[in-house]
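So the structure is just underneath, and the comments pick up after that.
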Amino acid sequence: MLAYLHFQKKGIVQHILHELKYNHKEDVGLMMGRWYGHDLLLAGFTNEFDLIIPVPLHSSKQRKRGYNQSEAFAKGLSEVLKAEVCLGLSRVAASETQTRKSRVERLENVKSIFEIVNASELHGKRVLLVDDVITTGATLLACGNVLIEAGIKELSFAVIAATR
């Protein structure tokens with residue numbers, strides 16, 4: 001699990017993520033991905049991943065927002081790490097917001113809402129699954145389980161920010 005920043009309530013990282021998600025600042029995600037990609041290269045993560053897969057938004061939320069913030073982060077990482085962004089997951093059901101749920105409620109909330117788009121494209125690949133923020137890990141776990149079932153070779157996670 002790789003995290004670029006530490007998330008604190010009312011801190012600068014919360015403000016940055018709010019801008020990315022709710023104020024149409026897709027370029028913030030791209031920039032964070034590029035910066036973090038350079039840090040990962042310096043840490044020796046050269047040629048480690050075949051595919052970068054962003055956690056998908058439900059189509060209704062993506063239409064409303066205009067973009068997927070995790071996909072913007074993935075694109076920035078991709079530019080630097082030279083790994084292809086793959087939209088290999090889809091969110092087949094809308095879920096309630098996770099922000100006020102317990103760990104158990106979060107796990108239940110995202111259970112069975114992700115599907116593989118094209119399993120043959122993923123089989124045997126080293127995948128970096130990316131999201132904007134991790135709290136309990138429920139979303140990444142749900143996505144990761146589906147990717148493992150599809151036959152990927154390796155699974156790593158990267159997020160813009162992690163909570164305690």
Contact order relative to length of the chain, as percent, for alpha carbon pairs under 8 angstrom and 6 or more apart
29
Among residues other than L2 whose Cβ falls under 12 Å from its Cβ, what is the net charge (Lys/Arg +1, Asp/Glu -1)?
-3
Summing -39500 (n - 2.57) over every DSSP H run of at least 4 in the chain, dividing by its residue total and rounding to the nearest 500, the 222 nm mean residue ellipticity is -13000 deg cm²/dmol
Excluding residues fewer than 8 positions from K61 in its own chain, the aspartates and glutamates with Cα under 19 Å of it are E19, E26, D27, E71, E96, E115, D131, D132
What size of dipole, in debye to the nearest 20, comes out for the chain about its Cα centre when the only charges are +1 on Lys and Arg C-beta atoms and -1 on Asp and Glu C-beta atoms?
620
Provide the percentage of antiparallel DSSP beta bridges, counting only those with both residues in the chain; round to the nearest 5.
15
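With the Cα gyration tensor of the chain in hand, give its eigenvalues times 5 under a square root as the equivalent ellipsoid semi-axes, listed largest first in whole angstrom.
Working: eigenvalues 91, 83, 44 Å².
Working through the eigenvalues yields semi-axes of 21, 20, 15 Å.
Every number in this text was worked out from the coordinates using simple rules, so none of it is lab data. Fair warning: this is a prediction, and the values are worked out from it, not measured in the lab. We place every Cβ from the backbone using ideal geometry, glycine too, and count neighbours over all the protein chains shown.
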